[in-house]
Amino acid sequence: MAKRAKNATPWQNRIVAHTDEDPAQLLAHPLNFRRHPGAQRNALRGSLNELGWLKSVLVNKTTGHVLDGHARVEEALSKGGTVPVDWVELTPEEERLALAVLDPISEMATRDDEALAGLLAEVETQDEGLAELLRSMADEAADGLLGEEKPEKDKLVDEIGVVIPCADEAEQMTILAKLQAVGLPASLATIKGKKGAKKPGTAMRCESQMVQ
């Protein structure tokens with residue numbers, strides 16, 4: 001495998017400190033666009049109860065604004081105790097960019113449903129909030145695996161064709177019979193006209209040959 005050329009300039013480490021802080025002293029970012037529904041709150045609370053702190057809250061030392069971890073801070077306000085904080089030092093412009101892209105970059109990852117199903121088969125929890133999350137993940141993985149195994153004949157494909165408007169259903173049946181008599185793959189169709197009006201028609205799938 002070819003080695004990727006190394007960048008002459010290494011990435012800058014913007015993390016300047018790690019401390020434990022009183023959650024009441026941390027400032028929610030006024031531009032935070034994330035909202036946390038009840039199911040997510042329940043799962044987050046369950047994770048904190050069963051596993052404890054696994055990820056620090058991210059705060060910009062320049063402004064004091066939280067960049068990542070607003071929900072965890074809010075949960076800590078109710079629970080009590082301190083919050084582990086990673087401090088970064090960013091300009092206000094960099095802070096806004098970080099707030100905009102941190103979560104969306106993580107969300108760009110795709111999911112291997114087979115690997116996820118294997119992991120979930122070995123996971124247990126006593127917390128109902130986490131259990132609900134795991135059930136939802138298992139359902140999504142199962143749906144993904146079923147979708148991958150769906151037979152080709154059941155998959156929808158785009159086709160091109162010709163639709164022939166008809167004056168009435170009698171003409172529609174007459175044209176259909178003539179097309180089928182010469183071996184053309186025709187079927188009945190309903191054409192939606194102006195203002196939603198529907199008219200009978202005959203649809204014919206186009207083949208590689210032309211009929212005179």
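Below, the figures for the structure above:
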| read-out | value |
| --- | --- |
| Residue within region 152-163 that is modelled with pLDDT of 75 or more, on the phi < 0 side of the Ramachandran plot and not in a loop (DSSP other than H, G, I, E, B) present | yes |
| Options Ala17, Ala2: the member that is modelled with pLDDT of 95 or more and of a type in the set (A, V, I, L, M, F, W, C) | Ala17 |
| Tally, over region 139-150, of residues that are surrounded by fewer than 16 Cβ atoms within 10 Å (Cβ to Cβ) and either under 22 Å from Pro37 (Cβ atoms) or aromatic (Phe, Trp, Tyr) (or both) | 3 |
| Single match in Pro23, Pro37 (criterion: of a type outside the set (Gly, Ala, Ser), more than 19 Å from Glu89 (Cβ to Cβ) and over 27 Å from the mean Cα position of the chain (by Cα)) | Pro23 |
| Qualifying position, being of a type in the set (Gly, Ala, Ser), surrounded by 12 or more Cβ atoms within 10 Å (Cβ to Cβ) and under 25 Å from Gln12 (Cα atoms), among Gly129, Gly64, Gly46 | Gly64 |
| Inter-residue pairs, beta-carbon under 7 Å, first touching a residue at least 60 places away in the same chain (Cβ under 8 Å) and assigned by TED's automatic domain parsing to the domain that holds Asp20 and in region 66-84, second acidic (Asp, Glu) and outside any loop (DSSP other than H, G, I, E, B), 6+ apart | Thr82/Asp20; Thr82/Glu21; Val83/Asp20; Val83/Glu21; Pro84/Asp20 |
| Some residue of region 97-108 being assigned by TED's automatic domain parsing to the domain that holds Leu27 and surrounded by 15 or more Cβ atoms within 10 Å (Cβ to Cβ) | yes |
| Test for Arg34: is it among the basic types (Lys, Arg) and either touching a Phe, Trp or Tyr at 6+ places or on another chain (Cβ under 9 Å) or not in a loop (DSSP other than H, G, I, E, B) (or both) | no |
| Sole exception among (1) touching a residue at least 12 places away in the same chain (Cβ under 8 Å); (2) more than 17 Å from Asp103 (Cβ to Cβ); (3) surrounded by fewer than 13 Cβ atoms within 10 Å (Cβ to Cβ) for Trp11, by number | (1) |
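Yes or no, residue by residue, for (1) outside any strand (DSSP E or B); (2) exposed (fewer than 12 other Cβ atoms within 10 Å of the Cβ); (3) over 40 Å from the mean Cα position of the chain (by Cα); (4) modelled with pLDDT of 60 or more:
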residue	(1), (2), (3), (4)
Ala167	yes, yes, yes, yes
Glu171	yes, no, yes, yes
Leu176	yes, no, yes, yes
Gly183	yes, yes, yes, yes
Ile191	no, no, no, yes
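The values are calculated or read from the model by the stated rules, or taken from the named source; none is laboratory data. The structure presented is a predicted model; accordingly, all values stated were derived computationally and were not measured. Neighbour counts are summed over all protein chains in view; Cβ atoms, including those assigned to glycine, are modelled from backbone coordinates with ideal geometry.
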